[in-house]
Amino acid sequence: MIDDKLQTIFDQVLHRNQGEPEFHQAVREVLESLGRVVAKRPEYLDQALIERICEPERQIIFRVPWVDDKGQVQINRGFRVQFNSALGPYKGGIRFHPSVNIGIIKFLGFEQTFKNALTGMPIGGGKGGSDFDPRGRSDGEVMRFCQSFMTELHRHIGEYTDVPAGDIGVGGREIGFMFGQYKRLTNRYEAGVLTGKALFYGGSRARTEATGYGNTYFVQSMLETRNDSFEGKKVVVSGSGNVAIYSVEKVQSFGGTVIAVSDSSGYIVDKGGIDLGLLKQVKEVRRGRISEYVDLKGASHGTYFIKARDGSIWDVPCDVAMPSATQNELTGQDAKALIANKVMAVGEGANMPSTPEAVRLFQEAGVMFAPGKAANAGGVATSALEMQQNASRDSWTFEQTEARLAQIMRTIHDNCARTAEEYGAPGNYVLGANIAGFVTVAESMRALGVI
Ligand code: NAP
C-alpha cells in the first residue's frame, strides 16, 4: 500500500509516464516502502524531493542506422536515461535486447539510482540500451551497430558525466567496440568512460564475475542470519548469461549444487550438478543455446532439457532460487511452486525478476528474500573499483578486488538488515534496501539545493 501522503506523487508518475508498466512497478515498490520514512522524517516531503527523485534528469532517444552483412540499412532506436547525479556521475549498464523501450530503461535507471547509493560509492544512476538484437548477428554486424550507437552516445557521456557498462546483450565484445569508437571520435584515451573493459586496456579483474559472485555473497550473509550456509544446498539459477554463470561458479565454491539453468528457449536440469566447464564452453565460447549443454553431455535420466512452453525452471525443487535472467520472469505461480517445494531463500541476480505478487508470497511464507537492487549491486560496485583503478592508473590483483567486493556485499547486507529493523520490519530486505538507498540519495539532494 502507498501512504496517502505519497499517493499524489504516484498518480503524477502514472500520468507522466503512460504505457510504461515496468517503470510504474519499480516506483510503486519504492513508494510503498517510504511511508514509514516520511512518518519519521516529514522534511523529505519538502521541496518536491520525492517528485524529483521519480523524474529522470535527462532522457535521450536517438536513431541508430547501420548496414548489415547483406548491405541492407537497418534502423534501431537508442536510449540513455540519466536518472540522478546527486551522488556522482550517472552510472549504469547498456542493454541490447528487442524488448528494450523507454519504460524499461527508465525502470532500470530508477532502480540503479538506489542500488548505486547502497554500494556507498560516489556514483549516480543511469541506464541505456537499444532494441537491437545481437543474437544471430556476425561480429562485423555487432561492431557496425556498436559504432553507430556510440556515434550519438559519445556526446552525452564522459568519465565525470556518465559512465556506461554492460547488461543483457552487452559483454566484453560490445564494450570493446564502443570504447574503440569513443576513442576515435573524441581523440581521447579516457579509460574511465566505460566499465567492463577487457584487462589489457583498463578493465578490472573480477568485474566479469562480480554480479554473480556478489549475489552469492549476499545470499550467504542472509543464510548466516539463520546459522546456515550454501553447504549441501540444491540451487536453481535462471538464465545462462554473465550473472548466471558466475553465480553457478561461486555457489559451487561455497559447497552448493546448482542443478538447473536456463535461457529464453527453456531450461536444463543436471541432477549431479551443472558442469561449469561445459556451461562456459556452450555460452562463452560457442555463444550457443543452453539446450546444447544436453546435446554435448548426452541426455539421461538426470540430465535433460525442457522447452520454455512445456514448463518453468521454478518447478524444479530447490533450497535456494537465484533468478538471474530478466524482469518479471518469476511469477506468483512460480513462487507458489517454490514455496510448496520448501525454498528457503531467494537472491535476485537480475533486476526486478520477481513480480510484486511473487515477492509478497515469499515474504508471507517467511522465505528470505534479497531484492536485486541490493543483491546484484556487486557488479556496479566493482565497476566503481574499475573507475578507481583507471583514475590512479593502477591494476589490482583478483584476490584484492574480490576481497573488496565481498566486504562491500557484507556491508550492503548489514545496512539493509539494520535499516529494516530500525523501521520496524526485521528481515524485510526490500524495505531495508529501498529506505537505505533512498535516504542516501535524499540527503545528498537536500544538500545540493533545488536542481
Ligand atoms: P546476459 O549475459 O545477456 O544473459 C541474459 C540471460 O538471460 C541469457 O541467458 C538470456 O537468454 C536470459 N534471458 C533473457 N531474457 C529472457 C527471458 N525473457 N526468459 C528467459 N531467459 C531470458 O545478461 P546478464 O548481464 O547476465 O544480465 C542478466 C540480468 O542481470 C539482467 O536483469 C540484468 O539487468 C541484471 N544485472 C546484470 C549485471 C551485470 O553486471 N551484467 C549487473 C546487475 C544486474 P537468451 O540468450 O535466450 O536471451
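Below is a table of values for the structure above.
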read-out: Some residue of region 99-120 being among the basic types (Lys, Arg), open to solvent by 60 Å² or more (accessible area, probe 1.4 Å), away from the ligand (no atom under 13 Å from the Cβ) and modelled with pLDDT of 95 or more; value: no
read-out: Odd one out for Tyr160 among (1) touching a Cys at 6+ places or on another chain (Cβ under 9 Å); (2) in a loop (DSSP other than H, G, I, E, B); value: (1)
read-out: Residue list for region 1-23, restricted to those being open to solvent by less than 10 Å² (accessible area, probe 1.4 Å) and without any contact (Cβ under 8 Å) to a residue 24 or more places away in the chain; value: Phe10
read-out: Complete set of residues in region 72-98 that are within 11 Å of the ligand (Cβ to nearest atom) and surrounded by fewer than 21 Cβ atoms within 10 Å (Cβ to Cβ); value: His97, Pro98
read-out: Selected residue (criterion: surrounded by the most Cβ atoms within 10 Å (Cβ to Cβ)) from residues of region 324-377 that are aliphatic (A, V, I, L, M) and near the ligand (Cβ under 8 Å from one of its atoms); value: Ala377
read-out: Residue in region 157-168 that is under 23 Å from Arg58 (Cβ atoms), within 15 Å of the ligand (Cβ to nearest atom) and without any contact (Cβ under 8 Å) to a residue 24 or more places away in the chain present; value: no
read-out: Matching residues, region 169-179, being more than 12 Å from the ligand (Cβ to nearest atom) and either open to solvent by 30 Å² or more (accessible area, probe 1.4 Å) or in a loop (DSSP other than H, G, I, E, B) (or both); value: Phe177
read-out: Some residue of region 211-218 being on the phi > 0 side of the Ramachandran plot, touching a residue at least 40 places away in the same chain (Cβ under 8 Å) and not hydrophobic (A, V, I, L, M, F, W, C); value: no
read-out: Those residues of region 426-439 which are in contact (Cβ under 8 Å) with a residue 24 or more places away in the chain and surrounded by fewer than 20 Cβ atoms within 10 Å (Cβ to Cβ), in sequence order; value: Gly427, Val439
read-out: Number of positions in region 378-403 that are on the phi < 0 side of the Ramachandran plot and either away from the ligand (no atom under 16 Å from the Cβ) or in contact with a Gly (Cβ under 6 Å, 6 or more places away or on another chain) (or both); value: 15
read-out: Some residue of region 128-136 being crowded, with 24+ Cβ neighbours inside 10 Å and either of a type in the set (S, T, N, Q) or closer than 27 Å to Gly449 by Cβ (or both); value: yes
read-out: Among the residues listed as Asp295, Asp270, Asp319, the single one being open to solvent by less than 70 Å² (accessible area, probe 1.4 Å), free of Cβ contacts under 8 Å to residues at least 60 places away in the same chain and away from the ligand (no atom under 15 Å from the Cβ); value: Asp270
read-out: Any chance Asn415 is buried (at least 21 other Cβ atoms within 10 Å of the Cβ), away from the ligand (no atom under 16 Å from the Cβ) and modelled with pLDDT of 95 or more; value: no
read-out: Any hit, region 24-45, residues being open to solvent by 10 Å² or more (accessible area, probe 1.4 Å), assigned to a helix (DSSP H, G or I) and within 16 Å of the ligand (Cβ to nearest atom); value: yes
read-out: Residue in region 94-105 that is part of a strand (DSSP E or B) and over 16 Å from Pro164 (Cβ atoms) present; value: no
read-out: Test result for Met409, among the aliphatic types (A, V, I, L, M) and in a loop (DSSP other than H, G, I, E, B); value: no
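The values are calculated or read from the model by the stated rules, or taken from the named source; none is laboratory data. For clarity, every value in this text was computed on a predicted model and none was experimentally measured. When we count neighbours, we look across all protein chains shown, and the Cβ atoms used for this are built from the backbone with ideal geometry, even at glycine. Just the protein is used for accessible areas: all its heavy atoms, side chains included, with ligands, DNA and RNA removed. Shrake-Rupley method; radii C 1.70, N 1.55, O 1.52, S 1.80 Å.
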